[in-house]
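Only one structure is covered here, and it is reproduced in the block below.
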Amino acid sequence: MQADDLDAFEAFFARHRTLIYRTAYGMTGDRHAAEEVLQDTFARAYRHRATLLPQISPVPWLHRVALNLCYSRLDRRRLKAEPIGDATVAVLRDGAVEPAEQAEREELREIVRDGIAALPPKHQSVVVLYYLHGLSLQETASFLDVRLGTVKSRLHYALRGLRTHLEGDRRFESAYGRSTGGEELEGETA
């Protein structure tokens, strides 16, 4: 980072701000204090930008500065340290899908893909165009060069066939139960 390159520092800030904010908020439990720690951390980073080496990650140094600022705030008793509660955990969560949830989603996708693959080609095409590509009923009809009523009919029979396939799939039944599968599919047709 060049000494007076504000654009580079702005990019540096944008890249690391969320990580440092989460650390500060996790330590202080206070959004305003976390913002102050964030600002103070990057003010120090700006003052010391000439000493930051581009080939070494600045994250450990930024964390150390942020933690030291949090410790000094906590020592001054301006902020009371509270254990991390459920509300704090929700804010600190990075938004990524948990591994178990990701595995469950992948399994459900595979089950649905298998069900769609088991449909006749004319039903597969309407499901793919309407649900996966997000085309309207009219656009689907135009794309397939069939009447609107034909698309609606094919969707109806495709969903019925998919429902039957899913109800017979032991993976779906054990993971989600028979009644859940039918209710979800009916909700999609509305």
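The values are calculated or read from the model by the stated rules, or taken from the named source; none is laboratory data. Small disclaimer: the values here were computed from a predicted structure and weren't measured. Positions of Cβ are generated from backbone atoms using ideal geometry, with glycine treated the same way; all protein chains shown enter the neighbour counts.
Per-structure values
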| quantity | calculated |
| --- | --- |
| Any hit, region 171-180, residues being assigned to a helix (DSSP H, G or I), of a type in the set (A, V, I, L, M) and modelled with pLDDT of 80 or more | no |
| Pair list, Cβ under 7 Å, 6 or more apart: region 100-112 residue in the same structural domain as residue 161 (by TED's automatic domain parsing) and closer than 20 Å to residue 167 by Cβ, other residue of a type in the set (D, E, K, R) and not in a helix (DSSP H, G or I) | 111/169 |
| Unmet criterion (only one of (1) modelled with pLDDT of 85 or more; (2) basic (Lys, Arg); (3) in the same structural domain as residue 171 (by TED's automatic domain parsing)) for residue 47 | (3) |
| Residue in region 2-25 that is modelled with the highest pLDDT, counting only those that are more than 16 Å from residue 72 (Cβ to Cβ), surrounded by 17 or more Cβ atoms within 10 Å (Cβ to Cβ) and not aromatic (Phe, Trp, Tyr) | 16 |
| Region 54-102: number of residues that are at pLDDT 70 or above, loosely packed, with under 10 Cβ neighbours inside 10 Å and over 14 Å from residue 20 (Cβ atoms) | 6 |
| Restricting region 136-165 to residues that are among the hydroxyl-bearing types (Ser, Thr, Tyr), in a helix (DSSP H, G or I) and within 32 Å of the chain's Cα centre (by Cα), the residue that is farthest from residue 115 (Cα to Cα) | 140 |
